[in-house]
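Here is the structure we will look at.
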Amino acid sequence: MQIRLAGIVKESVVDGPGIRMVVFVQGCPHHCPGCHNENTQDPSGGYLTTVQEVIDQLPSNPLVTGLTFSGGEPFLQAGALAVIGKAAKQRSLSVFTYTGFVFETLLEQSRNYPDIAALLAITDVLIDGPFLLEQRDISLAFRGSGNQRLLDVPASLRQGKAVEWTDPAWSTD
Ligand code: SF4
C-alpha cells in the first residue's frame, strides 16, 4: 500500500506530549491562510513511499512514546495511516492525529467511509479544525489557533460527541 508523504521527523517534542515520531502527509484541501506547512498542500508534491517502509521506521528508542500524524491532511490518506497507526499501537505508542476537519464531520463521514472510521479508531487524541489566522495563539499547547480542540477520541466515539482530552501531566491551555 502506497502513501504520499511530505516527510518524517524521528523525534519531536512539539507535536504532542513527550518525544514522538511525526509522519507529515502530503496534500491538503483546506488552504488555511497563514498555514504553517504550506509546502504540504500540493497533492502531487512530496514523495511516494509504502506503508511498510513507514512501519519499518517506527521507533525502537523507548524514550519515544508516541506517533503523530500531521500534514497535510491525514484523513485524505486515512486507510494507509490506519495501518501504520495500528502497528504503532502494537508497539505501545500513543497516536495523535492532526486534521483540518472537525470531529463532527469525520464522525458523520465515518459511517460511509471505513478508512475514516479506521483512522479514528486507532487515534488516541485528535487535534481538529483548520488553522484560523485570526485566532492564532502561540501560548496554546500543540495547536496554532484557539478554535482547534484536543479531543479524547475513544471517549468521543463512545459518546458520539466531541469530548475534550485532559491529561493532568500536560497543560493544554
Ligand atoms: S489544515 Fe493544516 S496543513 Fe492544511 S492548510 Fe490548514 S494549516 Fe495548512
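Worth a mention:
- Global geometry of the stretch 1-55, whether rounded, prolate or oblate, following the gyration tensor of its Cα atoms and the 1.5 cut on a/c: oblate
- If the chain linking residue 108 and residue 164 were pulled fully straight, counting 0.36 nm for each residue of separation and taking away their Cα-Cα distance, it would gain 18.3 nm.
- Under 29 Å from residue 10, Cα to Cα: lysines that are on another chain or at least 8 residues apart: 86, 89
- Separation of the residue 12 and residue 121 label points, Cα + 7 Å toward Cβ, nm: 2.6
- Sequence-distant residues sharing a close amide H with residue 27 (under 5 Å, placed H): 41, 42, 72, 73
- Antiparallel content of DSSP bridges confined to the chain, in %, to 5: 55
- Three-way shape call for the stretch 23-93 based on the alpha-carbon gyration tensor, with the a/c threshold at 1.5: prolate
- Shape call, the chain: gyration tensor on alpha carbons, a/c limit 1.5: rounded
- Element breakdown for the chain at a 1.4 angstrom probe: carbon and sulfur atoms account for 52% of the accessible area.
- Most mobile listed residue (130, 62, 114) in the chain, GNM with C-alpha springs under 10 Å: 62
- Nearest-20 debye value, the chain charge dipole, Cβ charges on Lys, Arg, Asp, Glu: 380
The values are calculated or read from the model by the stated rules, or taken from the named source; none is laboratory data. In this text, all values refer to a predicted model and were calculated from it rather than measured experimentally. Methodologically, a virtual Cβ is constructed for each residue, glycine included, from the backbone with ideal geometry; neighbour enumeration extends over all protein chains shown. Side chains are part of the model used for accessible areas, which takes the heavy atoms of the whole protein and leaves out ligands, DNA and RNA. Shrake-Rupley method; radii C 1.70, N 1.55, O 1.52, S 1.80 Å.
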